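Asks: Take this structure, written in structure tokens, and hold onto it; I'll ask about it next.
The values are calculated or read from the model by the stated rules, or taken from the named source; none is laboratory data. Because the structure is a prediction, the values reported are computed rather than measured. Glycine gets a Cβ as well: all are built from the backbone with ideal geometry, and neighbour counts include every protein chain shown. With ligands, DNA and RNA removed, areas are computed over all heavy atoms of the protein, side chains included. Shrake-Rupley method; radii C 1.70, N 1.55, O 1.52, S 1.80 Å.
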Amino acid sequence: MADLTHIFKVGQRVKCRMDEDIHDGVIKETFKDHVIIDIPDVSNHCWFENDLNIEDVIPVYNF
């Protein structure tokens, strides 16, 4: 399992896949096993974690 604090940084812009749509978001908090993302269209507290849904978080620099 990857340490997400080494992969994502607070304030980093990301795209998040949720309900077949892609939303813009910003990393709000990082932890070893999960990140919390502010997605204005959805919620300011979206939880993504290893082995559950972290593959739906895509850093903006990949586009």
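Asks: Considering each residue of segment 18-63, count those that are aliphatic (A, V, I, L, M) and touching a Leu at 6+ places or on another chain (Cβ under 9 Å), and give that number.
Replies: Start the filter on segment 18-63 by keeping residues that are aliphatic (A, V, I, L, M), which leaves 18, 22, 26-27, 35-37, 39, 42, 52, 54, 57-58, 60.
Retained after the next criterion (residues that are touching a Leu at 6+ places or on another chain (Cβ under 9 Å)): 35, 54.
So the count comes out to 2.
Asks: Could you please find all residues in segment 8-33 being under 11 Å from ASP56 (Cβ atoms) and basic (Lys, Arg)?
Replies: LYS15, ARG17, listed by residue number.
Asks: Please find, within segment 45-55, the residue that is modelled with the highest pLDDT out of those that are exposed (fewer than 14 other Cβ atoms within 10 Å of the Cβ) and either within 10 Å of CYS16 (Cα to Cα) or among the charged types (D, E, K, R) (or both).
Replies: Filtering segment 45-55 for residues exposed (fewer than 14 other Cβ atoms within 10 Å of the Cβ) gives 45, 47, 51-52, 55.
Now narrow it down to the ones that are either within 10 Å of CYS16 (Cα to Cα) or among the charged types (D, E, K, R) (or both): 51, 55.
Working: ASP51: 90, GLU55: 94.
That would be GLU55.
Asks: Okay, next question. Being among the hydroxyl-bearing types (Ser, Thr, Tyr), under 12 Å from VAL57 (Cβ atoms) and open to solvent by 20 Å² or more (accessible area, probe 1.4 Å): is that true of THR5 here?
Replies: On the way: among the hydroxyl-bearing types (Ser, Thr, Tyr): yes; under 12 Å from VAL57 (Cβ atoms): no; open to solvent by 20 Å² or more (accessible area, probe 1.4 Å): yes.
Spelling it out, it is not the case that THR5 is among the hydroxyl-bearing types (Ser, Thr, Tyr), under 12 Å from VAL57 (Cβ atoms) and open to solvent by 20 Å² or more (accessible area, probe 1.4 Å).
Asks: Any idea which residue in segment 26-48 is nearest to MET1 (Cα to Cα), counting only those that are free of Cβ contacts under 8 Å to residues at least 24 places away in the same chain and not hydrophobic (A, V, I, L, M, F, W, C)? So that I can check it myself, show each step before the final result.
Replies: Looking only at segment 26-48, we keep the residues that are free of Cβ contacts under 8 Å to residues at least 24 places away in the same chain, and these are 26-29, 36-41, 43-45, 47.
Filter once more, so that each one left must be not hydrophobic (A, V, I, L, M, F, W, C): 28-29, 38, 40-41, 43-45.
Working: LYS28: 21, GLU29: 18, ASP38: 23, PRO40: 28, ASP41: 29, SER43: 26, ASN44: 25, HIS45: 22 Å.
The residue in question is GLU29.
Asks: Would you mind telling me which numbered condition in (1) touching a Ser or Thr at 6+ places or on another chain (Cβ under 9 Å); (2) modelled with pLDDT of 95 or more; (3) not in a strand (DSSP E or B) ILE36 fails?
Replies: Of the numbered conditions (1) touching a Ser or Thr at 6+ places or on another chain (Cβ under 9 Å); (2) modelled with pLDDT of 95 or more; (3) not in a strand (DSSP E or B), the odd one out for ILE36 is (3).
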